[in-house]
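Have a look at the structure below, then the notes.
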Amino acid sequence: MSPFNFYLSHKNSCEVKPLQAVDLFSWGIFRKYEKKDSGWYDVFAEKMKFETLYLPEK
């Protein structure tokens, strides 16, 4: 048995406002790396403390 007790649930972002914000933030990162479009990323880039590319291209 795990020493940690937590509950994980899946929510629809249409129903949870903070989750909508996370989705939007994540979408900006996705667009930067997958579509080479940094338009939305640039809007919040100055708020980021650091950035690390987890799986760099080969």
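For Gly28, indicate whether it is surrounded by 12 or more Cβ atoms within 10 Å (Cβ to Cβ), at pLDDT 90 or above and on the phi < 0 side of the Ramachandran plot.
yes
Identify, from the list Trp40, Trp27, the residue that is without any contact (Cβ under 8 Å) to a residue 60 or more places away in the chain, of a type outside the set (Lys, Arg) and in contact with a helix residue (DSSP H, G or I) (Cβ under 6 Å, 6 or more places away or on another chain). Show your work before the answer.
Values: Trp27 fails: in contact with a helix residue (DSSP H, G or I) (Cβ under 6 Å, 6 or more places away or on another chain).
After ruling out the rest, the residue left standing is Trp40.
Kindly evaluate Lys49 against the criterion of being assigned to a loop (DSSP other than H, G, I, E, B) and either surrounded by 10 or more Cβ atoms within 10 Å (Cβ to Cβ) or at pLDDT 85 or above (or both).
yes
Which residue pairs have Cβ atoms under 9 Å apart, sit 6 or more places apart or on different chains, and have a first residue in region 1-23 that is modelled with pLDDT under 85 and a second that is in a helix (DSSP H, G or I)?
Every condition considered, the pairs that remain are Ser13/Leu19; Ser13/Gln20; Ser13/Val22; Ser13/Asp23.
The values are calculated or read from the model by the stated rules, or taken from the named source; none is laboratory data. In this text the structure is predicted, and so the values were computed from the model without any measurement. As a convention, Cβ positions derive from the backbone with ideal geometry for all residues, glycine included, and neighbour counts pool all protein chains shown.
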